[in-house]
Structure formats: structure tokens, C-alpha cells
Amino acid sequence: MKKWHLVVDLEKCIGCYNCYVACKDEYVDNDWPKYSLPQKRHDQKWIDPEHKERGQHPLIDVTYLPRLCMHCENAPCVKNSNGAIYKREDGIVLIDPIKAQGRSELVKSCPYGMISWNDEYKVPQKCTFCAHLLDEGWKKARCVQACPLGALRMEYMEENDFNNLIREEKLEVLHPEIQTKPQVYYKNLYRYTKCFIAGSVAYKKEGIERCAEGCRVCLLKDKEKIIEKVTDNYGDFKFDGLSENSGKYMLEFYFNGYSKLLKEVKLGKSINIGVINL
Amino acid sequence: MEIAKRLGLASIYSEGNTELDWVKRTFDATDVAKVMSWKDFLRKGYYVAEPLPENRRDPVAYRWYYEDRHKDVPELTPLPSEYKGQWGKGFQTQSGKFEFECSSLKRYDPNDPERPVICKYIPSWEGRNTTELYEKYPLQLITPHPRYSHHTIGDGKGSFINDVSNHRVLIDGYYYWIVRINPLDAAKRSIKESDLVEVFNDRGSVICAARLTERVPAGTVHSYESSAKYDPIGAPGKSPDRGGCMNILTPSRMIIKKAHGMAANSCLVEIRSWEGGRK
């Protein structure tokens, strides 16, 4: 049985919010019988890009993580709903707009916090993967269609094929510890969950500070080398994918004509250690 | 095709062809049909077209000038003033050449201190070097076009763009405009994320929600212009605006006296926490 999956690439998302606007356009003031009642104009976000910054000026990066219903395999909302929320064979989790009438307690059943209460129609609501469109033969939901950078994509696949894709593209789920087996996957999730150590290397020549391009920088943890990088033409380096609060690291700098330099870094959140003068 | 079918005009509209028939007809009309058969094309699924020979490629901008040829890039409305001397040769400058020293300015006003004939740095009349003002208002405000609304279109007026978390922030039932400030500057002023703040200078004051961000360096603050809402809390023009009209703060003068260009980014402000009027 083929199932619908959504894949979000965090390296491609620039936070334009087109997905959010397309979702509002599809659902605000529009009733899709059997699928959903209208979404509220305000106070509800069925898809919501959350933004996160890492590092300190000027070595920073910004990531947007679109959050939406995860359409879980073991959805706690389905279990707790007495049939008001159900999972279809194609993997889509839907809230029955009639059976769920007045069931405000269902809002709390989502561990990802993606069910919201519509006080106008007295019904809990969430992303439907645009099931009313997919059932008519559409190949993608409105948010996916509106994404100008292809950061969102939908895959209608057998489980085996999708498992291959997970391996090939190193896809991850958000909060795997919840163990609900989401059908929404993220690519390059490290941009949201991991942190980095970055900095710039400089040297003095004829009294002028210059960028140390081509400086070898080694990252060590417990005296063991983890990785080595070479600074770019601005003298910048960046070690990404490190765990938050992972403690002490040692940086070693090697540059032609200069003696080796050491610098200890204690890693809490992403850090720009500033300019290292050789 | 689907619409034509529903109107009962499908066969007339498609000239009796199926979708695949149309693909073949289009295929036959191209040069690909000369190099591979329809069957081979279906089997392979694609054809990589070779690049055009050098002499048929699009001209490179300004290469005509570099090689001292006639201008060969498309031009919609060629006018005599576009060229110096011979038709189709030289730039629009009065010398017809690339100018480091601007000959038209030399003729117009060579001694204008605000606009010298050679590009050079001039300390701003409202910036770090205007000591007295800078002491009073030590933050430089930049106000580019907004990212999530088109000028004022889409902002305010109950639009759901208001709910975009990087556009406005909902505090106590009111959608406030955002001012972005470096955490170092915010700490000095005891400002926390999403605090209401008053951005002000001698021209006026605007109440915004603070967004602490490393995307602006310390000493600079950022907020978009083009708020669609002017909502003074007291007498219009004499009280703080909580709609978010940052252009209340920016100078209305021109960047120089002898040209028309706005000077919105030469603007100094100070920011302080705002408690007044907050429920």
C-alpha cells in the first residue's frame, strides 16, 4: 500500500511563509465537506515555519523549521478519539469535522502540539495534507505547490521505497523520542537540532591584520581528533553538527610560518569564538 | 482538454488527437526529429541539445564596448543621446567612456560638497560622526522594504500576514510592528524578547515589539518601513504611534539638495522599554 509522506529540506527553506499563506488561502472561509471545516483567519496555523538563529554576529546562520501535523503511524490523537480522528490507508490522519464536534480535549492529545481549537465551529483542526485535493488527483498539497525553492516535497510511496529514501537522503523525524512514527520527515535537521563552533583566523603582516586563508584547524574532544577543516579566504572556519552542551573541545591552529596555537572551547549553544590572532 | 470535454468540444479542440498524439506532433515540428526517431525518443525519454556555436550565442553585456565594436545587445528604444559620436558606439556618459570622474557633474556643479565628481566617503549628517546627536540617539536605524507584505499591501487590515511571526507580533490582542536589536544593545536597556519598546528621536516615537537577533550588529537596529497602519495613542502627530510607521523617525529631507533621493537610512534613534498604555 502506497502512503503519502512529506519531506522538508531545512537547507532549502528560506522562511518565505508561502506555505503558510497557501494553507490559509485554501482553508480560510472554505468548507471541504467530510475533510475539514474552514480554518480561522487568525489564531490557527496548520503549517508554521519556526525560525531559529545559531551563532553570534557575524558568523551566524538562520534556519526555518516548518511545523505541521506529522500524520503519525502510531498517532496518539487517533487512539484517544473514539473514531473522531482516523488514519486512512494512504497514511493521512484526518479529524472528522462532524464526529469531533465539541471535542476540545483532543487538542491536547497531539504530542507535537499541532492540533488547534477552532472556537467558531467548535471543532479541533489540523493539517489534512490537502486530502480533498489529493483525492481529486492532485500530486501535492497547496503548501508544497507554493514552495518556491522545493524545500517541501511530497512522496507517494511504498514503505520499502520510502525507507530507501530515508537512508539515501539521511532523513530524520522531529523528536524521535516520542515514538509515534511520523510520516513527515526532515532533511538536514542538524540545522535545527545541532550546533556549531565557528571563528575567524587572522595574522599580521606589515602592521595590517589579514585573513589567514588556508589555516588548518583541528577539532579535538578528549584529546582525540574529530575533524579537520581549512579556513576559507576570509579566514573563517565552522564545525557543524555538534551536540548542544557537549562540554569542552580543543581547537588546534596550524598556519605556515607560525607556531601551533591552541584554544579551548566550552560548548553550550552554537558559538562564534571571534578572531584568533596567530 | 478536460474543459473542452465537458463542453462536448473535445474532438474539435484537440483535432481528434490524444495527448500523446500532440506530443508526437510537437516532436515532429522540432529539429530533434532530424537526429532521432520518435520510437528512439520514447525509449530514451530525453535528448540533450548541443550548445549553439559561438557565433550564434547571445552577446555578452559590454563586450561590444571592450572590443570597440557597435553595440550588439538588445535595446528597446535607441536614442541619439545613448551614444557619443558615432551611432552604436560608446557609453551614455558625455565622454562615451567609463568615467571615474563624472563629466556631467563637472559641467553641472563641480564644487557641490554634497556630491563630488569622484565617488568618496562623506560622513553622514546624521550618523556616528554627528557627535551631539549620536550621544542622544546612539542607534542607527535601517528601514528596508518589508519582507512579508508588498509595501503596505497585505499588512494590517485583518490580513493573516499579520500572524507571520517575523512580520508582526501579537501582544495583549494587538499586532505590533517588529524592531530588531542586537542582544548586547538589548541587555544595556533591559529589553527582553517580545518586550514592547519605544523607538524614538526628535521627530517622533513608535512603539514596537523587540526581536533580539544576531542578524544586526550592536549599534544598529532594523525595522521595515511600509506599515499599513498609523495608530497614535493620543493626539495625531504628537503622540507615540503603535501602528509601526517607522518613517515617522526617518528624515524627510533629500539625500542631497541638488538631486531627488530619499535619505531614509541616515537615521539615529534610541530605544527604551515601553510600559505606558500596556494593560
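The values are calculated or read from the model by the stated rules, or taken from the named source; none is laboratory data. None of the values given here were measured: they were computed from a predicted structure. Here Cβ is always computed from backbone atoms with ideal geometry, including for glycine, and neighbour counts include all displayed protein chains. These area figures cover heavy atoms from the full protein model, side chains too; ligands, DNA and RNA do not enter into them. Shrake-Rupley method; radii C 1.70, N 1.55, O 1.52, S 1.80 Å.
Condition check ((1) within 11 Å of chain B (Cβ to nearest Cβ); (2) modelled with pLDDT of 95 or more) across all residues:
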site: A:CYS13; (1), (2): no, yes
site: A:TYR35; (1), (2): no, yes
site: A:GLN39; (1), (2): yes, yes
site: A:HIS57; (1), (2): yes, no
Any idea which of (1) within 14 Å of chain A (Cβ to nearest Cβ); (2) modelled with pLDDT of 95 or more is the one B:GLY173 doesn't satisfy? (2)
Candidates A:PHE239, A:PHE253, filtered to the one that is more than 29 Å from the chain's Cα centre (by Cα), surrounded by 18 or more Cβ atoms within 10 Å (Cβ to Cβ) and in a strand (DSSP E or B): A:PHE253
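It is to be established whether one or more residues within segment B:90-110 are in a loop (DSSP other than H, G, I, E, B) and within 14 Å of another protein chain (Cβ to nearest Cβ).
No, there is no match, as no residue in segment B:90-110 is in a loop (DSSP other than H, G, I, E, B) and within 14 Å of another protein chain (Cβ to nearest Cβ).
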Determine, yes or no, whether B:SER239 is more than 30 Å from B:ILE122 (Cα to Cα) and of a type in the set (Ser, Thr, Tyr). yes
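Identify, please: which residue in segment A:19-33 is open to solvent by 30 Å² or more (accessible area, probe 1.4 Å) and either at the interface with chain B (Cβ under 10 Å from one of its Cβ atoms) or part of a strand (DSSP E or B) (or both) and is, among those, farthest from B:HIS167 (Cα to Cα)?
Among those residues, the one meeting the criterion is A:TRP32.
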Return the residues of segment B:147-169 that are touching a helix residue (DSSP H, G or I) at 6+ places or on another chain (Cβ under 7 Å) and open to solvent by 20 Å² or more (accessible area, probe 1.4 Å); say none if nothing qualifies. B:TYR148, B:GLY154, B:PHE160
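This table checks each residue for (1) in contact with a helix residue (DSSP H, G or I) (Cβ under 8 Å, 6 or more places away or on another chain); (2) touching a residue at least 12 places away in the same chain (Cβ under 8 Å); (3) more than 24 Å from A:ALA151 (Cβ to Cβ).
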residue: A:GLU26; (1), (2), (3): yes, yes, no
residue: A:TYR35; (1), (2), (3): yes, yes, yes
residue: A:HIS51; (1), (2), (3): no, yes, no
residue: A:HIS57; (1), (2), (3): no, yes, yes
In contact with a Phe, Trp or Tyr (Cβ under 6 Å, 6 or more places away or on another chain) and among the acidic types (Asp, Glu), is that true of A:GLU172? yes
Given the conditions (1) within 14 Å of another protein chain (Cβ to nearest Cβ); (2) touching a strand residue (DSSP E or B) at 6+ places or on another chain (Cβ under 6 Å); (3) more than 29 Å from A:GLY241 (Cα to Cα), report the number of the one that A:LYS2 does not fulfil. (1)
Among residues of segment B:174-227 being surrounded by fewer than 22 Cβ atoms within 10 Å (Cβ to Cβ) and of a type in the set (Phe, Trp, Tyr), the residue farthest from B:ASP163 (Cα to Cα) is B:PHE200
For B:TRP87, are the conditions met, namely being within 29 Å of B:ASP202 (Cα to Cα), out of contact with any Leu (no Cβ under 7 Å at 6 or more places or on another chain) and more than 14 Å from every other protein chain (Cβ to nearest Cβ)? no
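Residue-wise test of (1) open to solvent by 70 Å² or more (accessible area, probe 1.4 Å); (2) within 30 Å of B:ARG115 (Cα to Cα); (3) more than 36 Å from the chain's Cα centre (by Cα).
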site: B:GLY8; (1), (2), (3): no, no, yes
site: B:TYR47; (1), (2), (3): yes, no, yes
site: B:TYR62; (1), (2), (3): yes, yes, no
site: B:ASP72; (1), (2), (3): no, no, no
Scan segment A:169-189 residue by residue and report those that are within 23 Å of A:ILE227 (Cβ to Cβ) and open to solvent by 60 Å² or more (accessible area, probe 1.4 Å). A:LYS170, A:GLU172
Some residue of segment A:137-153 being at pLDDT 95 or above, more than 30 Å from A:ILE14 (Cβ to Cβ) and surrounded by 13 or more Cβ atoms within 10 Å (Cβ to Cβ): no
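Could you please find all residues in segment A:206-218 being open to solvent by 100 Å² or more (accessible area, probe 1.4 Å) and at pLDDT below 95?
A:GLU206, A:GLU209
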Residues of segment B:144-170 classified as among the small types (Gly, Ala, Ser) and facing another protein chain (nearest Cβ under 8 Å), total: 2
List the strands (runs of 3 or more DSSP E) inside segment A:41-129, counting only whole elements, that have at least 2 residues being open to solvent by less than 50 Å² (accessible area, probe 1.4 Å). A:47-56, A:59-68, A:93-95, A:116-118, A:123-125
How many residues, within segment B:109-127, are more than 25 Å from the chain's Cα centre (by Cα), in contact (Cβ under 8 Å) with a residue 12 or more places away in the chain and open to solvent by less than 70 Å² (accessible area, probe 1.4 Å)? 4
Conditions: (1) farther than 16 Å from B:ILE142 by Cβ; (2) touching a residue at least 60 places away in the same chain (Cβ under 8 Å); (3) within 14 Å of chain A (Cβ to nearest Cβ). B:LEU212 meets all but one. Number of the miss? (2)
Just need a number here: residues in segment B:131-158 that are closer than 16 Å to B:ALA228 by Cβ and assigned to a loop (DSSP other than H, G, I, E, B). 13
